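To start, the structure itself, in structure tokens.
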Amino acid sequence: MKIFLDTANLDELKKGASWGIVDGVTTNPTLIAKEGRPIAEQVRLICDIVDGDISAEVVSTEASAMIKEGKELAKIHKNIVVKCPLTRDGIQATKALSSEGIRVNVTLCFSPGQALLAAKAGAYIISPFVGRLDDIGWTGMDLVRQILQIYKNYGFKTQVLAASLRSPLHVVDAALAGSHIGTMPFKVLDMLFNHPLTDKGLDQFLKDYAKAFPEAPGR
Ligand code: G3P
């Protein structure tokens with residue numbers, strides 16, 4: 001499963017990229033707004049940090065305006081994936097942009113029927129929001145599994161990106177479901193490293209070695 005960071009924060013992206021395991025970035029208008037720079041400016045900076053798909057979301061709501069905005073965003077860098085919401089206008093814009101070779105991530109997907117429409121419109125990525133479904137008492141991961149099955153049934157090439165992942169367990173469940181991509185906040189990626197037995201084991205290894213070879217390099 002590809003790992004994407006769901007943040008527009010440059011420090012978090014630099015840190016994640018330094019680990020060598022970040023395949024891409026997703027942003028949304030809320031995440032961009034937190035950083036204080038307009039979308040085009042902020043995603044340009046992000047493209048210099050992470051070499052992978054960078055989703056940049058349109059803020060227009062009418063199809064022709066979305067198409068215009070999407071084309072402008074796509075010009076910023078070859079790695080930009082234009083993000084359109086799963087509305088009637090968003091699907092219309094997805095079809096138009098995809099037909100011109102612009103890759104589109106269809107966002108705010110909460111049902112398998114919506115995901116079917118996105119694939120038919122030629123979406124490069126579909127983003128089901130797992131955590132937000134959990135929030136309202138549905139099992140968000142079931143949606144990921146249903147979309148994967150539907151896309152498999154018909155050979156759709158659209159990649160499934162499990163979004164709104166809020167915990168390491170969400171990430172593991174997305175991977176077990178076979179999601180192509182999982183996007184997560186920096187905090188969740190950081191938590192994936194943690195295991196008390198790793199810390200305990202390393203501590204013991206180093207103590208044992210230091211006892212036997214007090215002058216060894218590295219100290
Ligand atoms: O990529 C979509 C994601 O940012 C939504 O996450 O936690 O706001 O539901 P959340």
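Some values worked out for this structure:
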read-out: Qualifying positions in the stretch 142-179 - more than 15 Å from the ligand (Cβ to nearest atom), surrounded by fewer than 19 Cβ atoms within 10 Å (Cβ to Cβ) and either assigned to a loop (DSSP other than H, G, I, E, B) or of a type in the set (Asp, Glu) (or both); value: ASP142, GLY155, LYS157, GLY178
read-out: Meets criteria (surrounded by fewer than 17 Cβ atoms within 10 Å (Cβ to Cβ), within 15 Å of the ligand (Cβ to nearest atom) and either among the aromatic types (Phe, Trp, Tyr) or under 19 Å from TYR124 (Cα atoms) (or both)) for LYS2; value: yes
read-out: Lone unmet requirement of (1) small (Gly, Ala, Ser); (2) within 15 Å of the ligand (Cβ to nearest atom); (3) assigned to a loop (DSSP other than H, G, I, E, B) for SER127; value: (3)
read-out: Matching residues, the stretch 79-116, being in a loop (DSSP other than H, G, I, E, B) and either of a type outside the set (D, E, K, R) or under 14 Å from the mean Cα position of the chain (by Cα) (or both); value: ASN79, LEU86, THR87, GLY101, ILE102, PHE110, SER111
read-out: From the options GLU41, GLU69, residue that is away from the ligand (no atom under 14 Å from the Cβ), among the charged types (D, E, K, R) and buried (at least 20 other Cβ atoms within 10 Å of the Cβ); value: GLU69
read-out: Checklist (1) in contact with a strand residue (DSSP E or B) (Cβ under 7 Å, 6 or more places away or on another chain); (2) closer than 19 Å to ALA162 by Cβ; (3) among the β-branched types (Val, Ile, Thr); (4) within 16 Å of the ligand (Cβ to nearest atom) applied to VAL82, failing item; value: (2)
read-out: Pairs where the first residue, in the stretch 14-27, is of a type in the set (S, T, N, Q) and the second is assigned to a helix (DSSP H, G or I), C-beta under 8 Å, 6+ apart; value: THR27/ILE39; THR27/GLN42; THR27/VAL43; THR27/ILE46
read-out: ALA119 vs. criteria away from the ligand (no atom under 12 Å from the Cβ), outside any loop (DSSP other than H, G, I, E, B), at pLDDT 95 or above and not aromatic (Phe, Trp, Tyr); value: yes
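The values are calculated or read from the model by the stated rules, or taken from the named source; none is laboratory data. Just so you know, these numbers come straight off a predicted model, no measurement behind them. Glycine gets a Cβ as well: all are built from the backbone with ideal geometry, and neighbour counts include every protein chain shown.
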